[in-house]
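A.B. asks: I have a structure here, written as structure tokens, and I will follow up with some questions on it.
Every number in this text was worked out from the coordinates using simple rules, so none of it is lab data. Here the structure is a predicted model, which is why all the values come from computation and not from measurement. Here the Cβ is made from the backbone with ideal geometry for all residues, glycine too, and neighbour counts use every protein chain on show.
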Amino acid sequence: MDFQSDLWNSFHDGSIVEVRGELPNISLRVEIQYLREKLPGAGDSIWIHLKNCTLIRLTAWESERETQLGDINAEHDFEILNAKTVDDSIHIFSPNGQLELTYTGSNLELDSGHVISWQELSQVSQDYWKSFGKNPKQAY
């Protein structure tokens, strides 16, 4: 696996619940309580701010057509299952479709405003999944 897909795969079972901005400045809010509670401060989401985004395309499996990004919101979220890199784009898969992104960089910000690194997120995610199921009271 490569760097970008590893990072997006850290958001497994999280949901993109909000999209802000216009090309090339796009921000995505991922609601992911199980990771967020392991990071500083209170909250339930992490913002991903994409740099130099040249493509953002959402395709629904059901209709095999592109849908509007404005359709992603708290009521119609996009659950992240996994991701892979194809050429210069990252393809993020959900039960209902695929989100394709092309961008040159990104940064992360907790919903509290605290900036975190991809490495910090990756470590928290790895630690969570290593311990998953070891504690019978752990909620998923």
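A.B. asks: Can you give the local net charge around P95? Use residues other than it whose beta-carbon is closer than 13 angstrom to its beta-carbon, Lys and Arg +1, Asp and Glu -1. Working shown, then result.
C.D. replies: Working: positive: none; negative: D13, E62, D77, E79.
Net charge around P95: -4.
A.B. asks: Then there is this: Please check the chain for the longest run free of trypsin sites (Lys or Arg not before Pro) that are loop-located per DSSP (anything but H, G, I, E, B) and have at most 16 other Cβ atoms within 10 Å. Walk me through the numbers on the way to the answer.
C.D. replies: Values: sites that count: K38, K134, K137.
The segment 39-133 is the longest one with no such site.
A.B. asks: Moving to a separate point now. As a check on your grasp of the helix formula, calculate [θ] at 222 nm for the chain: sum -39500 (n - 2.57) over DSSP H runs of n ≥ 4, divide by the residue count, round to the nearest 500. Can you show the working numbers first?
C.D. replies: Values: 3 runs with 25 residues, N = 140.
Result for the chain, helices only: -5000 deg cm²/dmol.
A.B. asks: Would you work out which of I80, Q98, G113 lies farthest towards the positive end of the dipole of the chain? Charges go on Cβ: Lys and Arg +1, Asp and Glu -1.
C.D. replies: Positive-most Cα among the choices belongs to G113.
A.B. asks: Local charge sum around Q119 (other residues, Cβ-Cβ under 14 Å, Lys/Arg +1, Asp/Glu -1)?
C.D. replies: On the way: positive: none; negative: D6, E120, D127.
Residues close to Q119 contribute a combined charge of -3.
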